[in-house]
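Read through the structure below, which is laid out as structure tokens, and then see the notes.
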Amino acid sequence: MNEQNVNNEKIERESNNKIFVIIICLFIFIIMIIGVSMATFTYTKEKDSVNTISTGNIYLNYNEDNNGINITNAYPMADDLGKVLTNEDQYFDFSVDASITGDVVANYEISAIKDTNSTLGNDDVKLYLEKKVGNNYEEVMAPKNFTPLTKSTDLGTMAGSMLLDSGSVSKSSSTDYRLRMWVDSDTVVDNLVKNFKVTVSVKAKIDLSK
């Protein structure tokens with residue numbers, strides 16, 4: 001009996017020791033979790049207080065009601081003539097007005113979207129884009145046939161549209177553009193009325209990593 005009691009007491013002591021060790025481990029584990037959580041919270045708070053980020057925005061403002069240009073029953077012409085077209089229906093002026101708040105960079109893309117009812121082919125027209133610098137317009141995109149994107153861009157310019165220009169702004173600004181479009185000189189004209197219409201689109205995205 002005495003030997004049995006000794007064995008029981010020994011087993012009980014070992015069990016108590018194991019429980020004690022488990023309790024100590026749990027306690028240390030809980031302290032570690034609290035410590036990591038507090039450190040993470042403190043770091044995040046310090047980061048937010050130092051690098052205060054307020055998002056900005058960029059918007060497109062057209063100076064005409066119709067945001068595009070349309071060719072109807074026009075004659076083919078050389079690029080030198082197309083680049084200096086002056087009639088109101090032969091060019092399209094628009095501006096990209098950026099309103100930026102905070103320390104952000106706004107990336108943008110300008111594209112031309114072909115109207116589905118256009119009857120001229122992509123190779124039958126030329127597009128030409130200029131940007132106003134000071135009092136003069138400077139070439140941004142040389143005369144180029146309508147070239148649709150094969151896939152959408154990261155900024156959201158859709159496949160099938162033509163990318164005209166891209167840029168980035170970090171402060172409020174306004175950039176004036178002028179788009180011209182004409183029938184390519186190599187196009188064979190028949191007696192049918194042909195047309196080609198595009199609308200201008202701007203896609204923008206705020207980059208908070210800058």
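Each reported figure results from applying straightforward, stated rules to the coordinates on display, with no laboratory input. None of these values were measured; they are calculated from a predicted model. Virtual Cβ from ideal backbone geometry, glycine too; neighbours counted across all protein chains shown.
A159 sits among other residues whose Cβ lies under 14 Å from its own Cβ, and their net charge, with Lys and Arg +1 and Asp and Glu -1, is +1. Which of S185, V202, P148 sits farthest toward the positive end of the charge dipole of the range 106-210, with +1 on the Cβ of Lys and Arg and -1 on the Cβ of Asp and Glu? Checked the options; the winner is V202. One chain, two ends: S172 and M158. Fully extended at 0.36 nm per residue, the span grows by 2.4 nm beyond their Cα-Cα distance. The length gained by stretching the chain between Q90 and N135 to full extension, at 0.36 nm per residue less their Cα-Cα distance, is 14.2 nm.
Scanning residues 5 or more positions from S152 or on other chains, those with amide H under 5 Å from its amide H are A159, with H placed 1.01 Å from N in the peptide plane. Highest-first packing order for the peptide set 107-117, 164-174 is 107-117, 164-174, based on the mean count of other beta carbon atoms within 10 Å.
Cross-linked pairs K151/K171; K126/K151; K126/K171; K132/K194: Cα-Cα separations exceed 25 Å for K151/K171; K126/K171; K132/K194.
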